[in-house]
Structure formats: structure tokens, C-alpha cells
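A short reminder: the numbers here are calculations on the coordinates, not readings from a lab. Treat the numbers as computed from the prediction; the structure is a model and nothing was measured. Here the Cβ positions follow ideal geometry from the backbone for every residue, glycine too, while neighbour counts run over all protein chains shown.
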Amino acid sequence: MRAIARRLVRQVVLVPVVAVASYFLMASLPLTTETDAKRQVSRELAASYQRDLGIGEPLGFLRPWEKLLRGERLGTSAQGITGDELLTKLSGSVGVGLMALPLALTWALGFALLRTGWRKGRWAALGDVVPAVAFGTPVFIPALLLAPGVVERGHLLPELCAALVTSLWPGIFLGTLVGDALETELSRDYVRTALGKGLSRAAVLRRHVLPNVWPAMLDAVGPVATSLLAGSFAAERVLGLPYFGQLYVLAVLNKQVAVVVVATTTFATLLVVVSLAVEVLRYAVDPRSREASA
Amino acid sequence: MSRVPLRARVGLALLVGLGLLSLVAGRLFPEALASTCPLGMDPTRPDRTVCELAFGGLWVSLAVGLAAGALSTFLGLAVAAVARLSGGAVEQTLLRAVDAVFALPDVLVVMVLQLAGQSLSDAGAGGGLGPFGLMVASLALVGWAGPARMFRNRLATLESQEYVAASRALGGGGLHLLRVHLWPALRPFALAVFLSRLPAAILTESTVSFFGIARMEPMSLGRYLGTSYAALIYEGGGRVVLPAWALLVLLVLGASLASQALSGAPRRAS
């Protein structure tokens, strides 16, 4: 347990580090309306910059969070956000991510099995080409191709399409890793022994091989979850979904610095929660993990 | 060249071919491309063809990727060398910093760095970095963590080799080991790491430019698609999206093939 606790502490430390680093980076920006030559932002935005970030005040970096907890609006009236709105938008993005995760796992298992079959035949090159196509396809490209048909239809179709396009690359990436692990395990002696004793191939796969493949899959779930959440930024923008990714991009475009600080820290917190969930899951399904931490 | 694996040669040929094509078609003879482009004019810029914009964008994306990939590889190598030379608490602290940077998605951090860099540039404190330099610096600042971890692990493996132990026993210092014994063994791996950073940098730049946050001029592939996307949604933009997509995929395929083959290639005794 100590090893897991140490890994979790390392992850949790990320949240205050990101909160403080993003605050001081934003608080040091020379956003000013002093002279026409240097004018970068509207007077309203400059006022909200000073007000929301508590610049020059002791413990000013806590100011955005105080405001959110009091239910006040961060940023300018037109483009700012309250704590409730932030949570609503975050839950929308997490919902898209949760739809994308099973899709990614489906692509992963499907691609891993296909790749294992391709290795032996004349389709071996596809094992390289498919990951390259998936990795070389930024999320916004399939989103652009799907957008004309789904943007104005509603009924969760844009959300489903966002989940579909964000799940492609993480799914294939996971599939490549699982495929490699699958291939390694299938070449081991215990598989030949089980087959030699008359067990069916499906039973060997289910009972003996897959339990040894899950840890490799769990190792990759953390980076995959990060990719899903980051990929949803582009999908939300193209498909017109008013969730967290859209909020973040608009906050950066409109220089809503307090919103950027809060949204960046929230995103880091979300990643830590995902990492924590993966560690717990690994502890539950992988006996080697339990033994190592005993 | 005969020692370079076939897959790496195919990948490198693809990369060099795309680079030459983008230089010739996108920069040197754009008018030849304009007159022969089968995809017609761009819907949002009626004076330019789709081919001109796609190949021009490829040139910019490739230049950003090469510069950012090289810089982040160099930074990663420097951090890994400092970590291994220092050891102890310094190495652990650097590794924790690497973990922290690595945990955050590149796109998100690059967006924040672009916001900061553009605000400084607007206030006349940008240090002479234009949009290109700002993008390269942003990508390098988020991209060094992966190479640093890979180089650190490879250095730790190499240091356990007998010839390194023998050199150390004969009085070789850390810098001597690094320069004379470790660097020659690390060179092909450094090339593989650089090639693996190339597509990551290009794709991150494309996504950030697509959002309209980076002000790349002339336009990169991502900015080209980003500035066209409102028209693409309502006019069925496959004609515009597909060439840019194909170029990105070929670029990634070339870099992936070369990187995988070089990092997995066995070393021969010379």
C-alpha cells in the first residue's frame, strides 16, 4: 500500500503546483489599457483581470477560488463563468469522455486481435499503417468531416460523434500496446501447455492470457484518459458542444485569465482523479501489484 | 547506409520526399501547382487553390515540427545528462518535474503559453520572438519531458554496461564517460527520439492553430483548416480537408517508421 500511496501523493502534488504556476504565469502578464500603443484588452477585461486575480494582495492566488465558492462570476459579464456553470460544463465533457472510453477500449481490443492476425499474413504492413493514420489524424479532421451531418440534429448525436472521433487515436494506441502484450503472452510456455492439454483457444485466451494482458492495458489507460479529455477540446469546438473544452478555448482566445487559471487547475485535478481510479483498479485486478505493495 | 534498417530508410525517404515536395510545390513554384491543381479553388480564398494552401501549409508545419522537435530533444538530453551526472536528490527532483510536465496534455499547456507569449509580444516584451519562434518555444517547453525520461532511462541502462564500469574504474569522470562512451551509443537513439517528437509537435501545432490561438503566417496546415472551418461545415469541405489530412498522415507515417526502426535497431560492434 505504501508504494501506491507514494505514487498517489506524487500525483496529488500536481494540483497545487499547476494552480500556483498557472496563477503566477497569468498574474505576470502585462495586460494593460494604459496607452493606445500598449492597449491589448478592453477596460472591462483589464478591470476583471485585476479584480479576479487579486494582483498585489497577499494570498492573491486564492482569490479566483474564493470568488467561485461565493458563487460570484469570474471574468467579464459576457464571457465569464460561475462555479455552477463550470461544474455543468465539466460534467458535459466528462460525459463525452465516459462515452469515448468504452469506444476506445472496443477499438483497442479489436485492433489488438486484428494486428495479431495480420502479423502472420500479407497484411502485416497494416499494423504500421493503421496506427500512423490514427496518430496522424488530429481529432478536428474527422470532426470536420462528420460535422455537416450532425451539428444541427441534437438528440445527443453531436456528443456521440465527439466521443467517436476522440476515441479513435487513443483506442488504436491502446490496441498497439495490448497487441504487443498479447503477442508476448501467446508465445509463452503456459499457453502451449494449456492448448496441449486440450483447452480451447478461446478458453486459454480468457482464463490465462487476458489476466496477464490487463496490467499492460491499465498502464496505458492514464495517458489514454488524458488524450480523450484533450481531444474533446477540438471535437467540442467543431461540433458546437458548449462544454469544458469550448470554455477553455474561448477563455484563452478572449484572454479571460482568471478563467484560464481555474480551468487549468480543474483539468489537472480531473487527471489526478483518473490516475487515482486507475491505481485502485490496478490494485484490484493485478495480484502482482498487491504483492509489490505489500 | 546499409546498417540503417529498411523501415527506417522508407520512413526517412518519405519525410525527405515530403519536405522536398513542400519546398518545391509550396514555396519555389507555387504557380505551377496553381495551374494544375485538380481540387480547384479554396472556398474561403478564391484567389488560391487548395493544393497551394495545403503544400504551403505543409512546409510551415514541417519547419515548426523540425525546429520544435530538435529543441525539445536537445532540452530533454540536457536534463537527462544533468540528472544522471548529479544523481541523488537532484535526479529525483528532476524526475518529479518531468512527471509533472508529462502529466498535462501538450495542447492545453501550449495554449496557455501562447496566451502568455502573445500578451508579452503585444506589450513589446516578446524578446523578438515572432509567431514562429513563439510556437517553437512553446512546443519545446512542453515537449522536453518525454525525451528527458527516455534519455535518462537509456543512460541508466548504458551506464550498467561493462565497458562503462571499466572506464569508471580507470578513473573516467562523469563528463568523460558521457562524451567518449555514452554519447556515441546514444546518437541513434537521439535521432529516433527526435523523429518521434516530430509528428507530436506538428500535430500539437496543428490543433492549437486550428483553434485560432496561434497566429502562424504563412499559414500552417492546422491554421489553414482552422480559418476555413466555418465554411467547411456548411459547404461539405471534404475537398479541402482530405489533402491536408493525407499530408499529415504521410508525415506521421514517415516519422513513425523511421523512429521505430532506429530505436529498435540492434547496434553492431564497429
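By per-residue mean of other Cβ atoms within 10 Å, what is the highest-first order of A:203-212, A:136-145? Let's see the in-between values first.
On the way: A:203-212: 15.6, A:136-145: 24.0.
Most protected by this proxy first, the peptides run A:136-145, A:203-212.
Counting only Cβ charges, +1 for Lys and Arg and -1 for Asp and Glu, the dipole size of the range A:60-113 around its Cα centre is about 120 debye. Treating only the Cα positions of chain B as identical point scatterers, give the base-10 log of I(q)/I(0) from the Debye formula at each q in 0.10 Å⁻¹. Here log10 of I(q) over I(0) equals -0.60. Among the residues of A:267-273, the average count of other protein chain beta-carbon atoms within 10 Å of the residue beta-carbon is 2. Inter-chain neighbour count for B:249-262: the average number of beta-carbon atoms from partner chains within 10 Å of each residue's beta-carbon is 3. Across A:29, A:62, A:239, mean-square fluctuation computed from a Gaussian network of chain A (C-alpha pairs under 10 Å connected) peaks at A:29.
Only helices at least 24 Å long along their own axis, judged from Cα atoms, and with Kyte-Doolittle mean hydropathy of 0.5 or greater: name those in chain B from DSSP H. Let's see the in-between values first.
On the way: long enough: B:50-86 (53 Å, 1.67); B:183-210 (40 Å, 0.97); B:238-264 (38 Å, 1.56).
Long hydrophobic helices here: B:50-86, B:183-210, B:238-264.
Applying a 4.7 Å Cβ-Cβ cutoff to the protein assembly as shown leaves A:161 as cysteine residues with no disulfide-compatible partner.
For residue A:9 and residue A:69 in one chain, what is 0.36 nm times their gap in residues minus the Cα-Cα distance, to one decimal in nm?
Values: separation 60, 0.36 × 60 = 21.60 nm, distance 2.52 nm.
That works out to 19.1 nm of additional length.
Projecting the Cα positions of A:93, A:130, A:60 onto the charge dipole of the range A:35-138 (unit charges on Cβ atoms of Lys, Arg, Asp and Glu, taken about the Cα centre) puts A:130 furthest along the positive direction.
How many partner chain Cβ atoms sit within 10 Å of a residue's Cβ in peptide B:111-117, on average, as a whole number? Walk me through the numbers before you get to the answer.
Details: counts 8, 11, 1, 1, 11, 7, 1.
That average works out to 6.
Summing -39500 (n - 2.57) over the DSSP H runs of n ≥ 4 in the protein assembly as shown and dividing by its residue number, what mean residue ellipticity at 222 nm do you reach, to the nearest 500 deg cm²/dmol? Result for the protein assembly as shown: -25000 deg cm²/dmol, rounded to the nearest 500. With respect to chain A, whose longest principal axis is taken over its alpha-carbon atoms, helix A:126-135 is tilted by about 10°. Structural descriptor for chain A: relative contact order 28 percent, calculated from alpha carbon pairs under 8 angstrom and at least 6 residues apart. How high is the FRET efficiency between residue B:157 and residue A:190 when r is their beta carbon distance and R₀ equals 25 Å, given to the nearest 0.05? The computed FRET efficiency comes out at 0.30.
Please state the relative contact order of chain B as a whole percent: Cα pairs under 8 Å, 6+ residues apart? Before the final figure, lay out the partial values.
Details: 333 pairs, mean separation 86.7, N = 270.
Relative contact order of chain B: 32 percent.
Between A:274, A:141, A:229, the Cα set farthest toward the positive side of the dipole of chain A (charges on each charged residue's Cβ, about the Cα centre) is that of A:274. Pairs of lysines in the protein assembly as shown whose Cα atoms sit within less than 27 Å of one another amount to 5, provided the residues are eight or more positions apart or on different chains.
Below 8 Å, C-alpha to C-alpha, sequence gap of six or more: please give me the relative contact order for the range B:1-139 in percent.
On the way: 78 pairs, mean separation 24.6, N = 139.
It rounds to 18 percent for the range B:1-139.
When +1 charges are put on Lys and Arg Cβ atoms and -1 charges on Asp and Glu Cβ atoms, the dipole computed for chain A relative to its Cα centre reaches about 920 debye.
Arrange the peptides A:179-190, A:259-270, B:165-176, B:30-41 so that the one whose residues have, on average, the most other Cβ atoms within 10 Å appears first. Kindly include the intermediate steps, with their values, before the conclusion.
Values: A:179-190: 15.6, A:259-270: 23.7, B:165-176: 12.1, B:30-41: 13.6.
Answer by packing, highest mean first, reads A:259-270, A:179-190, B:30-41, B:165-176.
Where nothing but the Cβ of Lys and Arg (+1) and of Asp and Glu (-1) is charged, how large is the charge dipole of chain B around its Cα centre, in debye to the nearest 20?
Values: 20 positive and 13 negative charges, 211 e Å.
Charge dipole of chain B: 1020 debye, to the nearest 20.
Please give the helix A:244-253 orientation as an angle from the longest Cα principal axis of chain A, in degrees from 0 to 90, rounded to the nearest 10. Once rounded, the angle reads 50 degrees. Selection among A:187, A:238, A:215 by position relative to the dipole of the range A:179-294 gives A:187 as farthest towards the positive end (Cβ unit charges, Cα centre). Between beta-carbons, use under 10 Å as the cut-off and find the net charge around residue B:211, counting Lys and Arg +1, Asp and Glu -1. Result for the local shell: +2.
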